[in-house]
Amino acid sequence: MDIFSALADPTRRKILEMLAHEGQLSAKEITERFLISPPAISQHLKVLREARLVEVEKRAQQRIYRINPDAMLELEDWARQINDLWNQRFDALERVLAAEKKEGHRK
């Protein structure tokens with residue numbers, strides 16, 4: 001699954017928000033914060049792992065999850081590209097409107 005498909009689900013986004021605030025959490029700690037079944041949370045964590053949004057470390061009987069910083073950089077780069085594109089469009093629109101306003105004053 002790709003990053004954006006993984007982010008489409010609000011539960012997965014909430015898990016990422018929790019990890020962003022806490023740094024790392026065990027699967028049990030994540031599960032305890034939701035009102036859905038442990039298998040459902042496990043499936044969400046699997047999707048996040050497959051999308052490379054989280055990393056997992058096995059410690060004894062626990063699985064510790066944390067955000068994958070490389071994936072966050074990839075998202076940040078994508079968002080920056082989209083932002084730059086929109087800024088270029090707004091700049092072009094501003095130039096057109098300024099030219100029309102200037103042309104309107106000449107008439």
Scanning the range 57-107 residue by residue, those within 30 Å of residue 24 (Cα to Cα), hydrophobic (A, V, I, L, M, F, W, C) and exposed (fewer than 11 other Cβ atoms within 10 Å of the Cβ) turn out to be 60, 73, 79, 82
- Take residue 100 and decide whether it is among the acidic types (Asp, Glu), at pLDDT below 90 and within 13 Å of the chain's Cα centre (by Cα). no
When every residue in the range 25-74 that is without any contact (Cβ under 8 Å) to a residue 40 or more places away in the chain, of a type in the set (Gly, Ala, Ser) and out of contact with any Pro (no Cβ under 9 Å at 6 or more places or on another chain) is compared, the one farthest from residue 12 (Cα to Cα) is 60
By residue number, the members of the range 16-54 that are touching a strand residue (DSSP E or B) at 6+ places or on another chain (Cβ under 8 Å), surrounded by 15 or more Cβ atoms within 10 Å (Cβ to Cβ) and under 15 Å from residue 75 (Cβ atoms) are 16, 19, 48, 53, 54
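The values are calculated or read from the model by the stated rules, or taken from the named source; none is laboratory data. Keep in mind the model is a prediction, meaning the values are calculated, not measured. Neighbour counts are summed over all protein chains in view; Cβ atoms, including those assigned to glycine, are modelled from backbone coordinates with ideal geometry.
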